[in-house]
Amino acid sequence: MVAPGEVHANRKFGCSFRCLLMEFNALQSAVEQFVERDIRGLSFRSGLIENQRTLGTFLKVHRAMEEAEPDLGRDEIAFSFLQELAVRHSATNITLPRSGNEDFAIRRTKRFLDEHYAERVSLHELARLMRLSAYHLNRTFRRKIGMPPHEYQVQVRIMKAKTFLRLGRSISETASLVGFVDQSHFTRHFKRLVGITPGKFLP
């Protein structure tokens, strides 16, 4: 990690690398939304990050941008990375806000995803409907349901897909009906959750 304005050089040769450049004012604004309070003097420690969890989240962010994942999934991955940076690697002492009683908002979120499973929706749009910040909704949904909103939506899509396949719909048609961008994404998630490909699941 390199802090803003710090002079540096990349002297590595014969290797590939991944890099994210973040505009600092936008990053500070995002962190303040995440912790739901103003932060003065936000700063991050420069140097090599060796935490495997943070590195894993960083790779997920980069790959999500490359693979054009659905908006809800990409937002969730980005927020997870932001949380890692803010809580684990900031030179500023940052504590997470306490959760209140958001059961009603979480039930509404689940119902919305159940009813609109095939639609592409961003976490910001979902949070606006629930009148919560995107960070608060994502964090609370994960804590109460055991998974982020994106993963919940994927599971609903796969359950619906199994119904369509049993009714004789083709794999490509099913993928489109439940909201996957293409058949390969559908097949990957179907096999991950069901254990077999859609082709083997067909009656």
Accessible area, probe 1.4 Å, largest first, for residues F81, F24: F24, F81
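Working from the alpha-carbon coordinates of the chain, get Rg over Rh, Rh being the Kirkwood radius.
On the way: Rg = 19.5 Å, Rh = 19.0 Å.
Here the Rg-to-Rh quotient is 1.03.
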CD proxy at 222 nm, helix term only [per DSSP H run n ≥ 4: -39500 (n - 2.57); per residue of the chain; nearest 500]: -18500 deg cm²/dmol
Three principal axis lengths of segment 99-148 [C-alpha, angstrom, descending]: 29, 17, 17
Reciprocal of mean inverse Cα separation for segment 1-76 (Kirkwood radius, Å): 14.9 Å
In degrees, nearest ten, helix 24-35 long axis to first principal axis of the chain (Cα): 60 degrees
Long-range HN-HN contacts of F44 with modeled amide H, under 5 Å: A91
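The values are calculated or read from the model by the stated rules, or taken from the named source; none is laboratory data. Nothing here was measured: the structure is a model prediction, and the numbers come from that model. Please note that ligands, DNA and RNA were not included when accessible areas were found on the heavy atoms of the full protein model with its side chains. Shrake-Rupley method; radii C 1.70, N 1.55, O 1.52, S 1.80 Å.
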